[in-house]
1. Could you work out Rg/(2.2 N^0.38 Å) for the range 5-213, with Rg from alpha carbons only?
2. Please quote Rg/Rh for the range 212-293 to two decimal places, taking the Kirkwood radius as Rh and restricting both calculations to Cα atoms.
3. Counting other C-beta atoms within 10 Å, and keeping those with at most 16, which DSSP coil trypsin sites (Lys or Arg not before Pro) do you find in the range 196-301?
4. Aspartates and glutamates near LYS103 by alpha-carbon distance under 13 Å, same-chain residues fewer than 8 away left out - which ones?
5. On each of the three principal axes of the Cα atoms of the range 218-376, give max minus min coordinate, whole Å, ordered largest first.
6. Give the calculated FRET efficiency between GLN74 and LYS261 to the nearest 0.05, with a Förster radius of 45 Å applied to their Cβ-Cβ distance.
7. If we sort 43-49, 234-240 on the protection proxy, mean other Cβ atoms within 10 Å, highest first, what's the order?
8. Quick one: length gained pulling LEU231 to ASN291 fully straight, 0.36 nm per residue minus the C-alpha distance?
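Every number in this text was worked out from the coordinates using simple rules, so none of it is lab data. Computed from a prediction, not measured in an experiment: that's the story for all the values here. Here Cβ is always computed from backbone atoms with ideal geometry, including for glycine, and neighbour counts include all displayed protein chains.
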Amino acid sequence: MTIETDHLITPFDELLSSFPRIGAAIKSSGITEPTPVQMQVVPVALEGRDVIAQAKTGSGKTLSFAIPLLAHLQLVEDKEETVALAITPTRELASQVHQVICKLNPDISPVCVIGGMSIGAQVAALNKDRRVVVGTPGRILDLVRQKELSLRSVRFFALDEADEMLSLGFFEEVFDILSLLPRHRHGMFLSATISGRVGMLSSKFLTRPEVIVVENTHEENQQIEHLYCQLKGDLLAKPNAACSFLGQLDPKSAIIFCNTKSETEFLEAILKRRGFNAERINSDLTQKQRNRIISAVRDDSLRYLIATDVAARGLDIDHIELVVNYSLHHEPETYVHRVGRTGRAGRSGKALTFVSPLEFGAFHALKKTLQIDLKEVKVPEENVAGNAA
């Protein structure tokens, strides 16, 4: 069932009339009107119904489940049991969700459990207040197996960016986690796309869920210009094209997506050699290194981020002007997530896809599946050196 927007209240002060403290926290952060996904999802979730919500990346899905999550904690003072659980596909997204919950209720001390950070520190945090746990599947299971975390008292859970979670190969881990939850609980799946795998998992772990699909408006669709460029198959075709387009388009910020770690390393070396202010981020980097690079992108000291999907999932950076699909991914939903990094918060953006001879088939299948209007462009004739600033 799809909920119609017209029948729902819109201002947060009305939407959260029964939860004035949460509403006040949202207003203090400068947010006065809910986004379409929040407007549709929050009332249903606050009624205690399970939800599957589909909305584009950057549409405000985090607040859509953070509000009902905190509503479940209204009368919970016992800090020795985990009542709410949010599962995310990446460390960065877990950190962002953690920050949102902290802002909404400073009295709650949610514990962020992710790899790459001290598990001892996370256990210590759990011993202080374990009511809300936000984390990635691997670390959550690690803590469960070490008997440092129990999920038997969870009343609410959210699976954030569910399709990304499953496309990254976390199906078994997520299945194992959800299997540990008590029978009576409230659950939400949030996703930019609803794949068959998401549907399969929801049929097992959600009870008669409301399916809420928030379609992009025509105005939103026009915010991103979709481009593609057919290239030759030689080794330097893509890096040369990347240099040429970055020089011609001269975006203030861009994310260049690669399928493999070796591609990120190769492209970073070439871009730096030609004067571009670029750095790579992939799973080989420590969490401290990844945090430093992401902070550099946010404060505009790094212009071009070269990333694998694993490393860049869930990044919430509003000012990205250009997304480059350096190598094409075979999953259509991955294209949706990649290009969702631009055209955010009312801004316009460009998405440029490189298509090598070996990718022609996958590219045409992508066009057919997503029904996106893609405009073909040619590689600029002259390579232009990038700016270091």
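1. 0.95
2. Values: Rg = 15.9 Å, Rh = 15.2 Å.
Expressed as Rg/Rh, it is 1.04.
3. For trypsin sites (Lys or Arg not before Pro) across the range 196-301 that sit outside H, G, I, E and B with at most 16 neighbouring Cβ atoms in 10 Å, the list reads LYS232, LYS252.
4. none
5. Result for the range 218-376: principal-axis Cα extents of 40, 38, 28 Å.
6. 0.50
7. So the order, starting with the most tightly packed, is 43-49, 234-240.
8. Details: separation 60, 0.36 × 60 = 21.60 nm, distance 3.36 nm.
Value of the extension gain: 18.2 nm.
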